[in-house]
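Engineer: Let me give you the structure first, and then I'll get to my questions.
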């Protein structure tokens, strides 16, 4: 999100999180004022290999409630960030890219430091590639840290998302698939979300 009127429009749908991208190479880069949003909507800053000072500056300026780390941030970096924001109650989401397979051992050093993992499609861009990865990989997820599902999710994927959610529920892992992160397939242009498409997606996901 980056356009004030569009932010106000999407807030009416009451999403749990709203992403603001602070990566200058992204067409969704936020460089302007963002209007106030309901406290129930967690404004989330998306960063790619940014410095601690830069992240802390944006947390304060935009009153962020979560940060999504989309680069090569180490576990030690995440630990330092955690120490800096522990009094702010800001969530840390660490992103990992997946294609056909994934080595879950990579997550171990981040356990107990970050609040969530996010699995996105490995592509040429840092997010917003518009393609999905092999979700079957996630059925071998060994961690107790909840995760976000991301990567090329649009209206056409709603039923498949529900099926994956049901699989986790049936296998006693309903608390692991924590959230669904959507982006490029709901845009009319980079940073401009289509509220009607998002509303339809919400309805399809929630429909029993």
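The values are calculated or read from the model by the stated rules, or taken from the named source; none is laboratory data. Everything numeric here is computed off the predicted structure, so don't read it as measured data. Every residue, glycine among them, receives a Cβ derived from its backbone with ideal geometry; neighbour counts consider all protein chains shown.
Engineer: Are any residues in segment 57-89 over 24 Å from residue 4 (Cβ atoms) and part of a helix (DSSP H, G or I), and if so, which ones?
Structural biologist: 75, 76, 77, 78, 79, 80, 81, 82, 83, 84, 85
Engineer: Which number in (1) on the phi > 0 side of the Ramachandran plot; (2) under 16 Å from the mean Cα position of the chain (by Cα) marks the one condition that residue 92 misses?
Structural biologist: Exception for residue 92: condition (1).
Engineer: What residue, of 107, 177, 138, is surrounded by 18 or more Cβ atoms within 10 Å (Cβ to Cβ), farther than 18 Å from residue 46 by Cα, out of contact with any helix residue (DSSP H, G or I) (no Cβ under 9 Å at 6 or more places or on another chain) and without any contact (Cβ under 8 Å) to a residue 60 or more places away in the chain?
Structural biologist: 107
Engineer: Of the numbered conditions (1) closer than 19 Å to residue 178 by Cβ; (2) modelled with pLDDT of 95 or more; (3) assigned to a loop (DSSP other than H, G, I, E, B), residue 45 satisfies every one except a single condition; which is it?
Structural biologist: Among (1) closer than 19 Å to residue 178 by Cβ; (2) modelled with pLDDT of 95 or more; (3) assigned to a loop (DSSP other than H, G, I, E, B), the lone unmet condition for residue 45 is (3).
Engineer: Turning to a different aspect of this structure: Of (1) touching a residue at least 60 places away in the same chain (Cβ under 8 Å); (2) touching a strand residue (DSSP E or B) at 6+ places or on another chain (Cβ under 9 Å), residue 25 satisfies all except one. Which?
Structural biologist: Exception for residue 25: condition (2).
Engineer: Does residue 113 satisfy the criteria of being buried (at least 16 other Cβ atoms within 10 Å of the Cβ), closer than 22 Å to residue 15 by Cβ and free of Cβ contacts under 8 Å to residues at least 60 places away in the same chain?
Structural biologist: No, not satisfied.
Engineer: Another question, if that's okay. Looking at segment 4-21, which of its residues are surrounded by fewer than 17 Cβ atoms within 10 Å (Cβ to Cβ) and in a loop (DSSP other than H, G, I, E, B)?
Structural biologist: Matches in segment 4-21: 12, 13, 14, 16.
Engineer: Considering only residues that are buried (at least 18 other Cβ atoms within 10 Å of the Cβ) and free of Cβ contacts under 8 Å to residues at least 12 places away in the same chain, which ones fall in segment 64-88?
Structural biologist: none
Engineer: Tell me which of these residue 148 doesn't satisfy, since it passes every other one: (1) surrounded by 15 or more Cβ atoms within 10 Å (Cβ to Cβ); (2) in a loop (DSSP other than H, G, I, E, B).
Structural biologist: Of the numbered conditions (1) surrounded by 15 or more Cβ atoms within 10 Å (Cβ to Cβ); (2) in a loop (DSSP other than H, G, I, E, B), the odd one out for residue 148 is (2).
Engineer: Could you please find all residues in segment 107-139 being assigned to a loop (DSSP other than H, G, I, E, B), in contact with a strand residue (DSSP E or B) (Cβ under 6 Å, 6 or more places away or on another chain) and at pLDDT 95 or above?
Structural biologist: 114, 115 - these are the residues of segment 107-139 that are assigned to a loop (DSSP other than H, G, I, E, B), in contact with a strand residue (DSSP E or B) (Cβ under 6 Å, 6 or more places away or on another chain) and at pLDDT 95 or above.
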